[in-house]
Amino acid sequence: MSNLAARFLVAVVFVPAILALLYVVPPIGFYLLTLAAAMVAGYELFGMVSNGDTVARVYGIVAAAAVSLAVWFFGKDPRVYITVLALVPLVGLLFPLARLGDVQTAGLRSSTFAFGPVYCAMPLTFLALLRRDAHPGWVILALMLAWFSDTGGYFAGRFLGKHKLYEAVSPKKTIEGAIGGLFAAVFGALLGVFWYLHGRLPLAHAIPLAIVGGALGQAGDLAESLLKRSTGIKDSGGILPGHGGILDRIDAMIFTSTTVFLYVLWR
């Protein structure tokens, strides 16, 4: 319960701040928040796989910032996405050659250097683009699909959970919790239909979008849990009381923000 109370207090502080950045402050304000989160996520991720190597962490911060800035300032040009998705992995694969370290972990480190900056930065920047180029309500939807699914899954799993979802990766998660999380995600999307995205999100789209986004968000949570388990750590960091690190908080949001961004792009 103390952990739950810490989470509640963090939400009390951050939710009003995020709403102000979305609806009161110019778009650059919310972007700076996503940029900071991407840089901290890069710091955490590269520290996890490189055993706290300071140089690796600096690279993670710089590379995540570079990806974010490129997408924010030049993201309307498809050539930028092609360049980022081609150049960042190639440069990342070369970095471990300069800092070989333990050969047994070289494969994991190479994969992280190649893909990590995009993973940490691009989905968060999608949120900022939704704020700037579409409507703040789409950002709210992406956040709700992640947070409602997480909260609904927590309570459904706590009171109804009996069958393990993926015990080898996350022993506490249950099938009942996952289903409860999907129902909570649908509820968050329905709020969008009738409230914060009224007239922009059709009911016929909201429910399947919530199910897909909520399921992918839960999969993103499991993916980060697998990474942590493979590196022998419990939390990616300790910056958020009750939540762990930034990566622990945005693991589902990385997938829900991408889902909502692609929906808005293609609808």
Considering only segment 230-267, how many residues are of a type in the set (A, V, I, L, M, F, W, C) and modelled with pLDDT under 85? 2
Are any residues in segment 238-267 at negative phi and small (Gly, Ala, Ser), and if so, which ones? Gly238, Gly245, Ala252, Ser257
Exclusive hit being surrounded by fewer than 20 Cβ atoms within 10 Å (Cβ to Cβ) and either in contact (Cβ under 8 Å) with a residue 40 or more places away in the chain or in contact with a helix residue (DSSP H, G or I) (Cβ under 6 Å, 6 or more places away or on another chain) (or both), set Phe113, Phe74: Phe74
All but one of (1) of a type in the set (Gly, Ala, Ser); (2) under 27 Å from Trp266 (Cα atoms); (3) in contact with a Gly (Cβ under 6 Å, 6 or more places away or on another chain) hold for Gly177, so report the exception by its number. (2)
Go through the residues of segment 155-176 one by one and say whether even a single one is among the small types (Gly, Ala, Ser), within 19 Å of the chain's Cα centre (by Cα) and surrounded by 24 or more Cβ atoms within 10 Å (Cβ to Cβ). no
Name the residues in segment 151-193 that are free of Cβ contacts under 8 Å to residues at least 24 places away in the same chain and β-branched (Val, Ile, Thr), would you? Thr174, Ile175, Ile179, Val193
Lys76 fails exactly one of (1) in the same structural domain as Leu124 (by TED's automatic domain parsing); (2) part of a helix (DSSP H, G or I), namely (2)
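Condition check ((1) touching a Pro at 6+ places or on another chain (Cβ under 8 Å); (2) in contact (Cβ under 8 Å) with a residue 40 or more places away in the chain; (3) crowded, with 22+ Cβ neighbours inside 10 Å) across all residues:
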site	(1), (2), (3)
His198	no, no, no
Val212	no, yes, no
Ala215	no, no, no
Arg229	no, yes, no
Gly245	no, yes, yes
Condition first: assigned to a helix (DSSP H, G or I), at pLDDT 95 or above and either surrounded by fewer than 12 Cβ atoms within 10 Å (Cβ to Cβ) or hydrophobic (A, V, I, L, M, F, W, C) (or both). Can you find one or more residues in segment 23-30 that meet it? yes
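The values are calculated or read from the model by the stated rules, or taken from the named source; none is laboratory data. Keep in mind that what you see is a predicted model, and the values were worked out from it rather than measured. Glycine also receives a Cβ, built like all others from the backbone with ideal geometry; neighbour counts cover every protein chain displayed.
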